[in-house]
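Asker: Mind having a look at this structure? Questions to follow.
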Amino acid sequence: MFNKAISITTINEFTLKKKNLFIVTNPMQFLNACESQYFFKTKNNILVFLFFKGHNQSEELLKNKDLFPYTQLIILDTRDTRNTISENITLIKILQKYSYEKVFMGYFSLNMRRYLCNINYEDFFYLMMGHIQLLCIVSYIILTIIMHLVCYIFLN
């Protein structure tokens, strides 16, 4: 039925309500997904773990998966797969079965945009990775200091 790289675990029966989708690829995104779920108090959550070649964080995500209140867990592991395109198409077909109230996604790559373009959703939220937020804050602080120095020099 499904490709070897995709596994699905359903905890409870879904209700007819819309679902909420969380797609994560690393532990920082998973932490942000947990915080987002807590903040929005979402129910009927589908949690998707994507494991790609070159990333070795699957054990940490799988070990901590019970921290997130999901009703369905989907794991796409393409690390040992040659044909990742067919695996992605299979995942898109699985995700298209539902309508989503909120979609939370980290790492906004071409692959992720494919998922987003092929599902029906109301709201989209980007899960920041942490280092990007830190870089933005540091840049803002540096620019603010430079602006204050320039104003001080030219106004005095």
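The values are calculated or read from the model by the stated rules, or taken from the named source; none is laboratory data. All figures in this text were calculated on a predicted structure; none of them were measured in a lab. Cβ coordinates were reconstructed from backbone atoms using ideal geometry, including for glycine residues, and neighbour counts include every protein chain displayed.
Asker: Regarding Met128, is this residue modelled with pLDDT of 80 or more and not acidic (Asp, Glu)? Spell out how you get there, then give the answer.
Answerer: Details: modelled with pLDDT of 80 or more: no; not acidic (Asp, Glu): yes.
So Met128 fails the test.
Asker: Output the residue which, of all residues in region 79-88 that are in contact (Cβ under 8 Å) with a residue 12 or more places away in the chain and assigned to a loop (DSSP other than H, G, I, E, B), is surrounded by the most Cβ atoms within 10 Å (Cβ to Cβ).
Answerer: Thr81
Asker: May I ask you to list the residues in region 58-78 that are assigned to a loop (DSSP other than H, G, I, E, B) and either crowded, with 16+ Cβ neighbours inside 10 Å or touching a His at 6+ places or on another chain (Cβ under 8 Å) (or both)? Step through it out loud before you land on a result.
Answerer: Keep residues of region 58-78 that are assigned to a loop (DSSP other than H, G, I, E, B), which gives 68-71, 78.
The answer is Phe68, Tyr70, Thr71, Thr78.
Asker: Please determine, by comparing only the residues of region 44-62 that are modelled with pLDDT of 90 or more and of a type in the set (S, T, N, Q), which one is nearest to the chain's Cα centre (by Cα).
Answerer: It comes out as Asn45.
Asker: For region 9-19, indicate whether the set of residues that are modelled with pLDDT of 90 or more, surrounded by 17 or more Cβ atoms within 10 Å (Cβ to Cβ) and under 12 Å from the mean Cα position of the chain (by Cα) is non-empty.
Answerer: Scanning region 9-19, I find no residue that is modelled with pLDDT of 90 or more, surrounded by 17 or more Cβ atoms within 10 Å (Cβ to Cβ) and under 12 Å from the mean Cα position of the chain (by Cα), so the answer is no.
Asker: Within region 31-41, is even one residue at pLDDT 90 or above and assigned to a strand (DSSP E or B)?
Answerer: No - not one qualifying residue is present in region 31-41.
Asker: Listed residues Lys41, Lys65; which is over 25 Å from Cys117 (Cβ atoms), basic (Lys, Arg) and over 15 Å from the mean Cα position of the chain (by Cα)?
Answerer: On the way: Lys65 fails: over 15 Å from the mean Cα position of the chain (by Cα).
Just a single option satisfies the conditions, and that option is Lys41.
Asker: What are the residue pairs meeting all of these: first residue in region 98-124, first residue over 11 Å from Ile23 (Cβ atoms) and modelled with pLDDT of 85 or more, second residue in a strand (DSSP E or B) and small (Gly, Ala, Ser), Cβ atoms under 6 Å, and 6 or more apart or on different chains?
Answerer: Within 6 Å, the pairs are Asn120/Ser99.
Asker: Output the residues belonging to region 91-120 that are farther than 20 Å from Phe40 by Cα and either among the β-branched types (Val, Ile, Thr) or part of a strand (DSSP E or B) (or both).
Answerer: Ile92, Ile94, Ile119
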